[in-house]
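The values are calculated or read from the model by the stated rules, or taken from the named source; none is laboratory data. Quantities reported herein were computed from a predicted structural model and do not represent experimental measurements. Note that we place each Cβ from the backbone using ideal geometry, even for glycine, and neighbour counts take in every protein chain shown. Ligands, DNA and RNA are stripped out before the accessible areas are found, and what is left, the full protein with its side chains, is counted by its heavy atoms. Shrake-Rupley method; radii C 1.70, N 1.55, O 1.52, S 1.80 Å.
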Amino acid sequence: MAAGSWQDFDTLESFIARQQRLYPHSRGKFSDILRRIGLGSKIIASKVRMAGLVDVLGKQGTSNVQGEEQMKLDVIANQIIKSVLGWVTSVAAIASEEDEKITILHHYEEIKEDQYVVFYDPVDGSSNIDVNVSVGTIFSIYRYPYNQPRPPLERYLLPGSQQVAAGYVVYGSSAMFVYTTGQGVHGFTLDPEIGEFVLSHENIRTPDVCTYYSANDTYYPQWSEAVRKFSDTLRFSDEPRYAKTTCRYVGSLVADFHRNLLGGGVFMYPENPSAPHGKLRLLYECAPLAMIAEQAGGKASTGRERILDVQPSDVHQRVPFFVGCRQDIELYEQLVRQMDAG
Ligand code: P6P
């Protein structure tokens, strides 16, 4: 194809349409959901870009179901995602970090076709917004079949391996929409001039180099023996693989994950006595990022279990989260086995 021809100019819209054509029987409902999340992300990006100029900074003065103080942007972004998904009849239900329970949007008995359930974190790392550090939106989509036995919507919690799509938007120096439907990982950069996410990173593969080590080392004294050994290896080993590994930790999951996805490395949020299951949530943080990581050639684990195999027991369940280059995550799993074997 001649460079610069119209086919070179792929947007999220045209890419979703192209992917849909791979499924001739598709009704286009799934594509609608992705497009709506793309729209919601553009609206959130506009709020983030104006933070400091419009009233989206600071605390809302309320707490979410996790007991965490809500930032104004948490509440605004949660409402934006709900409104863009709210009228899509193929979305049976949504579940947000900011809401206690799954919200049923369309009473599915009336609809005799597959629907979808969307789990999302509207703005992860929102406390960073006040100091102009990148934040992100994370989403995960499951199919809710209409002609198969299934649990009630309120308890429709499946392992991450059942996701039909997963993605995130990082609101950084530019806004990037990164997602997978199981056909590779693709990144789109928002061109504010035209208001479109433009394909900029097709088929992202995470490099098999441990460039970055990302963890909050203030918890080091509380970590298990295996986590400490893993941390020491990545930071201090003179093995060629780790000789140039450097620490990068923003404290904003999507920003840390995105940098490591593109540059190679390990992000970890281990369990510790004050957070015995870790801090990060399975359904709308770890599982979607785990699908992205695996689709890009990486790996994601609790240390004892593949993240995508964990059977959720609660919407807001937390899990220890180790994600990044396959070889390094497998090293950690080996250290855990050795520790467990005593
Ligand atoms: P800590 C932000 O609050 C967040 O949920 C993630 O975005 C981030 O990775 C993590 O918490 C940072 O937690 O304990 O290191 O401040």
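Worth pointing out:
- Residue in segment 212-223 that is more than 16 Å from the ligand (Cβ to nearest atom), on the phi < 0 side of the Ramachandran plot and of a type outside the set (Lys, Arg) present: no
- Residue in segment 184-202 that is within 16 Å of the ligand (Cβ to nearest atom) and buried (at least 20 other Cβ atoms within 10 Å of the Cβ) present: no
- The residue of segment 191-208 that is nearest to the chain's Cα centre (by Cα), among those that are of a type in the set (A, V, I, L, M) and part of a loop (DSSP other than H, G, I, E, B), is Ile204.
- Identification of strands (runs of 3 or more DSSP E) wholly contained in segment 68-141 with 2 or more residues that are at pLDDT 90 or above and either within 15 Å of the ligand (Cβ to nearest atom) or under 21 Å from Thr181 (Cα atoms) (or both) yields 91-96, 115-124.
- Extreme residue, surrounded by the fewest Cβ atoms within 10 Å (Cβ to Cβ), among residues of segment 221-240 that are part of a loop (DSSP other than H, G, I, E, B) and within 27 Å of the chain's Cα centre (by Cα): Ser224
- Residues located in segment 304-319, provided they are open to solvent by less than 20 Å² (accessible area, probe 1.4 Å) and either within 16 Å of Ala215 (Cβ to Cβ) or within 12 Å of the ligand (Cβ to nearest atom) (or both): Val319
- Of all residues in segment 275-303 being among the charged types (D, E, K, R) and within 11 Å of the ligand (Cβ to nearest atom), the one that is farthest from Ser224 (Cα to Cα): Glu285
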